[in-house]
1. Among the residues of region 74-88, are any within 28 Å of A172 (Cβ to Cβ), within 8 Å of the ligand (Cβ to nearest atom) and of a type in the set (S, T, N, Q)?
2. Does region 60-82 include one or more residues that are free of Cβ contacts under 8 Å to residues at least 40 places away in the same chain, under 16 Å from D113 (Cβ atoms) and open to solvent by less than 20 Å² (accessible area, probe 1.4 Å)?
3. For region 47-59, give me each residue that is away from the ligand (no atom under 12 Å from the Cβ) and open to solvent by 50 Å² or more (accessible area, probe 1.4 Å).
4. I need a count of the residues in region 1-10 that are in a helix (DSSP H, G or I) and under 15 Å from L117 (Cβ atoms).
5. Could you check how many residues of region 70-91 are part of a helix (DSSP H, G or I) and either touching a Phe, Trp or Tyr at 6+ places or on another chain (Cβ under 6 Å) or under 21 Å from T7 (Cα atoms) (or both)?
6. Among the residues of region 11-68, which ones are outside any helix (DSSP H, G or I), within 21 Å of Q88 (Cα to Cα) and aliphatic (A, V, I, L, M)?
7. Return the pairs, sorted by first residue and then second, in which the second residue is surrounded by 14 or more Cβ atoms within 10 Å (Cβ to Cβ) and acidic (D, E), the first residue lies in region 158-185 and is closer than 18 Å to E146 by Cα, the beta carbons are less than 7 Å apart, and the residues are 6+ apart or on different chains.
8. Please work out which one of (1) away from the ligand (no atom under 15 Å from the Cβ); (2) in contact (Cβ under 8 Å) with a residue 24 or more places away in the chain; (3) surrounded by fewer than 14 Cβ atoms within 10 Å (Cβ to Cβ) is the condition A14 fails and give its number.
Amino acid sequence: MDGSGKTTQARILARRLEEAGVPVLLTEEPTGSFRNFLLHGDELAPLAELFLFLADRAQHVRTVVLPALSEGKVVVCDRYADSTLAYQGYGRGMDTELIRTLNGIATSGLTPDITVLMDVPPEVAIGRKASGDRFERLDFLRKVREGYLKLARAEPGRFTVVDGTCAEDEVAERIWEVVKRRFNLDRGEDYG
Ligand code: TMP
């Protein structure tokens, strides 16, 4: 969710992985090239917006994420395909099955091992952020949140839902526990 503290948590996680000796790449979507236009562009038609997020993802996966994975890095990505399902699908009411198909094409089917949903009530999201981008309306964020929670319920093995209203170090600890377990980091084994 917007204003959930996810960018801070992504940084903390990347730092902890590095400290544990795991090669890591920290990255985000939308990426620099599309970010300004997508967040502040006026009068973007919903379909155009959808295609821009997908085009950005296709480029990001091929030029940044896949090369890092093939170098053996763990990739920490601040937002990915679920954001398009939540915002353009559940938020804007576009066809979620179509978005799933298009996400599959944009990512070549690359799915995260772990997805952390940083959940905060929309009221908190708006209060914390207020940067004025086009995605911060209360009724819209309510739908986005419901969408995210639905996605998390449908894939409990991949998703970890974290209460973003908790203290920063508490949230970081919870995320670290999940990541540590997934990559066997507390047993001193090869993380792969
Ligand atoms: P943030 O990552 O700084 O929170 O800002 C990105 C904004 O873009 C956020 O409001 C969510 C929105 N977004 C979408 O609507 N669809 C997407 O696919 C992605 C990656 C982000």
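The values are calculated or read from the model by the stated rules, or taken from the named source; none is laboratory data. Everything numeric here is computed off the predicted structure, so don't read it as measured data. Here the Cβ is made from the backbone with ideal geometry for all residues, glycine too, and neighbour counts use every protein chain on show. To get the accessible areas, we keep the full protein, side chains included, count just its heavy atoms, and leave off ligands, DNA and RNA. Shrake-Rupley method; radii C 1.70, N 1.55, O 1.52, S 1.80 Å.
1. Yes, the conditions are met somewhere in region 74-88.
2. Scanning region 60-82 turns up at least one residue that is free of Cβ contacts under 8 Å to residues at least 40 places away in the same chain, under 16 Å from D113 (Cβ atoms) and open to solvent by less than 20 Å² (accessible area, probe 1.4 Å).
3. L47, Q59
4. 4
5. Here the count works out to 9.
6. L44, A45
7. Pairs found: V161/D119; V162/D119; D163/D119; G164/D119.
8. (3)
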